[in-house]
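Student: Below are the structure tokens for one structure; questions will follow.
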Amino acid sequence: MLVIFDLDGTLLNTIADLASAANHALVRAGFPTHSPEAYPYFVGNGVSRLLKRVLPEDVRTEQNVAMLRQYFTEYYGNHLTDSTEPYPGIPELLLRLRENKISVAVASNKYQSAVDRLVRHFFPSVEWAAIEGQKENVPVKPDPSIVFGILSKCPTPKAEVLYVGDSGVDMETARRAGVTSIGVTWGFRPERELRENYADHIVSSPEQILELALEAKDGVQLS
């Protein structure tokens, strides 16, 4: 049994630090900034797409995105844990899953080095089957390649895999990978987006994820 988690908006509330880093990059490059409240709708498809979205429409060039990415990564590397914290109940959920011999993994569109640092910092006692972030030449979610990469490291029948995320991108990733999706309501996107993208299950607490995982582990067909 394997539960794959999205990172931002699912395990960790990272939005304040992402907003700070992106606004820092915009200031450095001489572009207008955005309110923190706007950022939940900018994130979800990787840093390059985030930085393209925050730029004014008439200057969304590859050159400007590359410049912003340099400023962003320099700043974020020093501030990625300033305001970030796990959502309530998440550390306990991860430990309970492992206590029940259920493997856990991370699949994120955030670049790999930041994913590694965040996961190791906030969940140091969790044994992870895989920690996968965005890598060069690997397409970002909703392409299912990242899920298949995890399954190559932790071979598990798809019927025994749950994919947990907070966005339509995550639900589409699970659908394309052929695994069961669980949408969480505490993340960056509204519940409506989860429903519109055909989430198999929608939960409002980490305890409900544990219940679903234990049912699946016991062979109960999740409906």
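Student: Hey, does region 195-204 have a residue that's part of a loop (DSSP other than H, G, I, E, B), farther than 19 Å from ILE90 by Cβ and not aromatic (Phe, Trp, Tyr)?
Tutor: yes
Student: While we're here: Can you name the residue in region 178-208 that is of a type in the set (Lys, Arg) and free of Cβ contacts under 8 Å to residues at least 24 places away in the same chain and is also farthest from GLU85 (Cα to Cα) among such residues?
Tutor: The selected residue is ARG195.
Student: For region 39-53, give me the residue count where each residue is modelled with pLDDT of 95 or more and either surrounded by fewer than 18 Cβ atoms within 10 Å (Cβ to Cβ) or over 15 Å from ASP8 (Cα atoms) (or both).
Tutor: 3
Student: From ALA159, ALA216, ALA174, grab the single residue that is more than 18 Å from THR14 (Cβ to Cβ), small (Gly, Ala, Ser) and at pLDDT 95 or above.
Tutor: Of ALA159, ALA216, ALA174, the one residue that is more than 18 Å from THR14 (Cβ to Cβ), small (Gly, Ala, Ser) and at pLDDT 95 or above is ALA174.
Student: Related question: Strands (runs of 3 or more DSSP E) wholly in region 66-167 with at least 1 residues that are without any contact (Cβ under 8 Å) to a residue 40 or more places away in the chain - which ones?
Tutor: Working: elements: 103-111, 130-134, 161-165.
Passing ranges, in order: 130-134.
Student: So PHE188 fits all but one of (1) in contact with a Pro (Cβ under 6 Å, 6 or more places away or on another chain); (2) among the aromatic types (Phe, Trp, Tyr); (3) at positive phi; what number is the exception?
Tutor: (3)
Student: Which condition from (1) under 19 Å from SER205 (Cβ atoms); (2) surrounded by fewer than 15 Cβ atoms within 10 Å (Cβ to Cβ); (3) not hydrophobic (A, V, I, L, M, F, W, C) is the one that GLY77 breaks?
Tutor: Single failed check for GLY77: (1).
Student: Here is a follow-up. Which one of these does GLY46 not meet: (1) of a type outside the set (Phe, Trp, Tyr); (2) out of contact with any helix residue (DSSP H, G or I) (no Cβ under 8 Å at 6 or more places or on another chain); (3) free of Cβ contacts under 8 Å to residues at least 60 places away in the same chain?
Tutor: Evaluating GLY46 over (1) of a type outside the set (Phe, Trp, Tyr); (2) out of contact with any helix residue (DSSP H, G or I) (no Cβ under 8 Å at 6 or more places or on another chain); (3) free of Cβ contacts under 8 Å to residues at least 60 places away in the same chain leaves (3) as the failure.
The values are calculated or read from the model by the stated rules, or taken from the named source; none is laboratory data. Everything numeric here is computed off the predicted structure, so don't read it as measured data. Cβ coordinates were reconstructed from backbone atoms using ideal geometry, including for glycine residues, and neighbour counts include every protein chain displayed.
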